[in-house]
Amino acid sequence: MYDIAIVGAGPAGATLARLLASRYQVLLIDRRDLAHQASPGAITKCCGGLLAPDAQKVLAELGLGLPEEVLVGPQLFVVRTIDLDQSYERYYQRFYVNIDREKFDRWLVSLVPDSVTRCFGTTLCGYQSEQGEITLTLQQAGSRWQEKARFLVGADGANSLVRRQATTTAMHLRQYVAIQERFRVEQPMPYFTALFASRVTDFYGWTIPKRNELLVGVALKPGRQAESLFQDFKLRLLRYGLSWGERTRREGAFLLRPQANQPLPVLGGVALVGEAAGWISPSSAEGVSYALRSAMMLADSLQPGLAGALGRYQKATGRLRLNLLGKNLKSPAMYNPQLRTLAMRSGLLSVKVRSTN
Ligand SMILES: Cc1cc2nc3c(=O)[nH]c(=O)nc-3n(C[C@H](O)[C@H](O)[C@H](O)COP(=O)(O)OP(=O)(O)OC[C@H]3O[C@@H](n4cnc5c(N)ncnc54)[C@H](O)[C@@H]3O)c2cc1C
């Protein structure tokens, strides 16, 4: 019997496990094999791998600095914003840290003390809750078994099974599907590109350089049309003048875009952290800072004991809800085509970038 079972060892789950290790018997489960470097063909997290200033701030609050091997060139100082509807672009100064997301996750896991029991390469298939005892059904390479815990945390990301099982009521978290491909390039572009194309999506697309590769992705409404919209999106980028070589990888993931009142940190007697709860920016899809911050909030709420922890966590996350409200209020300036055109044409806060050719 564990005190706490955490499903998901992404940034939220790994951070929570680390912060709780000295106080509780913790079981940390992930379907990825996070104990080793990702082998070719392994399940990896589909992500842009940019650490925004908010994420940098939480890392600082956690007393952490990034090891060199997590960084990936080029480091980026501007966002190139392209409105494909208007064939118009501007550059804006931003301070991201460009990282290898898989290495980042494995580094966070390497900080988890040995007293935490790790169950990697293991999938949660479901759980049952009875009289304060939670029974988890786990699966690894065809064999199934059960583990028990007194407290369950869902840190299992956008498509959280813990969240889906915790309620019989349909959840109305706005959900997108992100499709992302990696291409070889000769010269890495020295910027992150944010792309708006209203015929393709009411959210946005991106290109992000990683060493000699370029990530090309877009967040789309889920459905059968997603694939053809992705192809249309790439075609529009090529017509706009972007170019890339051979494709090396294709990946996809669900992505949440919550309204301010939508995140559910506590549901059916379990706690949810990170994107499983709906903690992610609805304007930029930046989720790492929310994953780390919500894990810190739950860890603090659990320090006095398991009793009352859910109530304390629910209360503590009021601040995150306010933060999401702010992001939702900011969204129209980015996603309303008329307002965006006005903002971009004004040139306000933009930076002039000389061509390097
Ligand atoms: C395409 C894309 C690009 C993004 N780019 C950025 C970016 O550049 N910067 C940024 O800050 N955010 C970005 N985000 C958002 C960010 O990736 C997430 O919000 C963040 O990873 C959430 O962290 P988490 O720990 O809550 O969940 P995750 O990182 O999703 O971790 C969940 C973990 O749970 C495990 N898991 C899931 N289900 C099960 C199960 N049934 N059994 C066992 N294990 C399970 C998974 O293997 C995974 O390790 C992006 C998201 C997408 C989709």
Out of (1) buried (at least 20 other Cβ atoms within 10 Å of the Cβ); (2) within 14 Å of the ligand (Cβ to nearest atom); (3) over 18 Å from the mean Cα position of the chain (by Cα), the odd one out for Tyr2 is which?
(2)
With respect to Leu220, determine if the residue is under 19 Å from the mean Cα position of the chain (by Cα) and either away from the ligand (no atom under 16 Å from the Cβ) or on the phi < 0 side of the Ramachandran plot (or both).
yes
Just checking, which of Glu61, Glu102, Glu133, Glu69 is more than 30 Å from Leu348 (Cβ to Cβ) and touching a strand residue (DSSP E or B) at 6+ places or on another chain (Cβ under 7 Å)?
Glu133
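Table: residues versus (1) under 27 Å from Ala285 (Cβ atoms); (2) in contact with a helix residue (DSSP H, G or I) (Cβ under 9 Å, 6 or more places away or on another chain).
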site	(1), (2)
Asp300	yes, yes
Ala307	no, no
Gly318	yes, no
Ala333	yes, yes
Val353	yes, no
Take Gly132 and tell me if it is at pLDDT below 95 and either more than 30 Å from Val266 (Cα to Cα) or surrounded by fewer than 16 Cβ atoms within 10 Å (Cβ to Cβ) (or both).
yes
Given (1) out of contact with any helix residue (DSSP H, G or I) (no Cβ under 7 Å at 6 or more places or on another chain); (2) within 10 Å of the ligand (Cβ to nearest atom), index of the condition Ala42 fails:
(2)
Just to check your reading of the model, which residue among Arg32, Arg80, Arg101, Arg90 is in contact (Cβ under 8 Å) with a residue 60 or more places away in the chain, within 30 Å of Gln139 (Cβ to Cβ) and among the basic types (Lys, Arg)?
Arg32
Need pairs with beta-carbon distance below 6 Å; first residue farther than 12 Å from Arg32 by Cα and in contact (Cβ under 8 Å) with a residue 12 or more places away in the chain and within the stretch 1-18, second surrounded by fewer than 24 Cβ atoms within 10 Å (Cβ to Cβ) and of a type in the set (Lys, Arg); sequence gap 6+ or separate chains.
Met1/Lys148; Asp3/Arg150
Working only within the stretch 145-198, note down all residues that are more than 13 Å from the ligand (Cβ to nearest atom), closer than 28 Å to Ala9 by Cβ and among the basic types (Lys, Arg).
Lys148, Arg150, Arg174
Condition broken by Leu267, with the remaining ones in (1) within 16 Å of the ligand (Cβ to nearest atom); (2) modelled with pLDDT under 95; (3) farther than 23 Å from Glu130 by Cα satisfied:
(3)
Condition check: surrounded by fewer than 15 Cβ atoms within 10 Å (Cβ to Cβ) and at pLDDT 95 or above. Does Ser87 satisfy that?
no
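Take Ser289 and decide whether it is at pLDDT below 95, among the small types (Gly, Ala, Ser), within 14 Å of the ligand (Cβ to nearest atom) and out of contact with any Phe, Trp or Tyr (no Cβ under 7 Å at 6 or more places or on another chain).
no
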Any idea which of Leu64, Leu59, Leu28 is within 11 Å of the ligand (Cβ to nearest atom), over 30 Å from Lys352 (Cβ atoms) and either surrounded by fewer than 17 Cβ atoms within 10 Å (Cβ to Cβ) or not polar (S, T, N, Q) (or both)?
Leu28
Residues of the stretch 152-197 being basic (Lys, Arg), touching a strand residue (DSSP E or B) at 6+ places or on another chain (Cβ under 7 Å) and within 24 Å of Ile6 (Cβ to Cβ), which ones?
Arg163
Only residues that are more than 17 Å from Gly8 (Cα to Cα) and polar (S, T, N, Q): list them for the stretch 267-318, please.
Ser281, Ser283, Ser284, Ser301, Gln303, Gln314, Thr317
Would you check if there is a residue in the stretch 226-244 being surrounded by fewer than 20 Cβ atoms within 10 Å (Cβ to Cβ), small (Gly, Ala, Ser), over 30 Å from Gln131 (Cβ atoms) and under 19 Å from the mean Cα position of the chain (by Cα)?
no
Return yes when Leu255 is more than 12 Å from the ligand (Cβ to nearest atom) and buried (at least 24 other Cβ atoms within 10 Å of the Cβ) and no when it is not.
no
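The values are calculated or read from the model by the stated rules, or taken from the named source; none is laboratory data. Values in this document were obtained by computation on a predicted structure and should not be read as measured data. Reconstructed Cβ throughout: ideal geometry from the backbone, glycine too, with neighbour counts over all protein chains shown.
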